[in-house]
Number of protein chains: 2
Amino acid sequence: MIGSGIKRGTAELAVLSVLQDGPLHGYELARRIEQQTNGALRFTLAALYPMLYRLEQQRWIRGAWETSANGRRRRCYRLTPAGKKKLSPLQREWAELFRALQRLTKVAHA
Amino acid sequence: MIGSGIKRGTAELAVLSVLQDGPLHGYELARRIEQQTNGALRFTLAALYPMLYRLEQQRWIRGAWETSANGRRRRCYRLTPAGKKKLSPLQREWAELFRALQRLTKVAHA
DNA sequence: CCTTACATATAGGATTCTTATATATGCAAC
DNA sequence: GTTGCATATATAAGAATCCTATATGTAAGG
């Protein structure tokens with residue numbers, strides 16, 4: 001059975017997936033998600049930051065303060081080993097949800 | 001852009017899709033959803049009833065009391081014309097969300 | 001100096017789903 | 001005959017997730 005958290009957890013999958021490509025800070029993360037989905041998926045920064053804290057508490061990502069070339073301080077997040085391990089079952093759960101919903105709409109159509 | 005309600009709205013899509021096949025009461029609705037998804041998607045009745053009220057308030061479904069052959073009273077819900085009209089854009093929104101998440105995970109993998 | 005882009009943060013609220021609980025009927029088994 | 005199970009609806013209390021609005025501050029460009 002699909003876990004109860006999954007249905008609202010689009011953001012979680014999106015963040016972990018993008019971080020798989022390499023460490024990023026919050027502001028850039030939001031832009032990548034929007035770009036890579038052609039604007040279909042978008043998270044406001046106010047929604048993103050609390051989520052990053054949550055993911056960090058769960059040890060799936062780890063944040064570190066860094067100072068960029070232009071002297072701006074920002075918090076750079078990277079996937080932890082636990083986060084990497086979390087990713088594939090999460091993707092499988094999503095795939096299962098998609099199949100389930102497709103079955104529902106198709107059966108209804110028949 | 002994908003609407004903000006969609007991400008939590010799996011239940012909404014599931015209920016409307018199943019009702020497309022014909023009127024049903026709540027208890028049977030829950031069973032159909034579970035059966036047709038091979039147990040992957042499941043809603044407890046306590047979650048289902050408040051949702052049915054909400055869908056009824058929005059005029060997408062309409063409930064009517066009936067008495068079955070065995071003398072048990074139950075509330076039978078059917079799709080309204082507005083509900084039918086709602087269904088296809090909702091399915092399109094979901095398809096768009098799926099594509100967006102697939103793009104994210106694939107780009108991250110590349 | 002004023003605006004825009006960058007960057008993080010918190011408060012307050014809305015929505016949705018869960019667990020737990022309550023009620024009541026019909027039917028079969030013992 | 002009463003115990004237990006499947007049927008059937010309902011509400012309350014709470015957790016989780018996301019949104020809007022707001023605040024703060026730096027850097028670059030006009």
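The values are calculated or read from the model by the stated rules, or taken from the named source; none is laboratory data. Only a predicted model underlies this, so the values are computations on that prediction, with no experimental measurement involved. So basically every Cβ, Gly included, is an ideal-geometry build from the backbone, and we count neighbours across all protein chains shown. Each accessible area value is taken on the protein alone, full model and side chains, heavy atoms only, with ligands, DNA and RNA left out. Shrake-Rupley method; radii C 1.70, N 1.55, O 1.52, S 1.80 Å.
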Give the nm distances, rounded to one decimal, from A:Ser4 to the matching residue in every other copy, measuring between label points 7 Å along Cα toward the beta carbon; shortest first.
2.4
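Quick one, what does Rg over Rh come out to for segment A:1-44 if you take C-alpha atoms and the Kirkwood Rh? Before the final figure, lay out the partial values.
Values: Rg = 11.3 Å, Rh = 11.1 Å.
Dividing the radius of gyration by the Kirkwood radius yields 1.02.
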Describe numerically, in nm with one decimal, the distance between label points set 7 Å from Cα along Cα→Cβ at A:Ser88 and at A:Ile6.
1.7
Pairs A:Lys7/A:Lys85; A:Lys85/B:Lys86; A:Lys106/B:Lys7: which exceed 27 Å Cα-Cα?
A:Lys85/B:Lys86
For chain B, the convex hull over Cα atoms projects on average to an area in nm² of 8.4
Counting only other residues whose beta carbon sits under 12 Å from that of B:Arg32, what net charge do I get with K and R as +1, D and E as -1?
0
To check my understanding: the extent here is largest minus smallest coordinate of the Cα atoms along each principal axis. What are those three numbers for segment B:16-77, in Å, largest first?
31, 30, 23
Assigning unit charges at the beta carbon (Lys, Arg +1; Asp, Glu -1) and nothing else, what dipole magnitude in debye, to the nearest 20, does chain B show about its Cα centre?
140
Measuring from the longest principal axis of the C-alpha atoms of chain B, the long axis of helix B:45-57 (C-alpha) lies at a number of degrees, nearest 10, equal to 90
Using modelled backbone amide H atoms (1.01 Å from N, in-plane), which distant-in-sequence or interchain residues come within less than 5 Å of A:His25's amide H?
A:Tyr77
Measuring nothing but label to label, 7 Å from Cα along Cα→Cβ, what are B:Ala64's distances to the other copies in nm, shortest first?
6.7
Chains B and A: what accessible area do they bury, summed, in square angstrom to the nearest 100, with a 1.4 Å probe?
3200
With Cα atoms, 0 to 90° folded angle of helix B:10-19 axis to chain B main axis:
50
Place the label 7 angstrom along Cα→C-beta at A:Asn38 and in each other copy, then list the distances from the first to the rest in nm, shortest first.
3.1
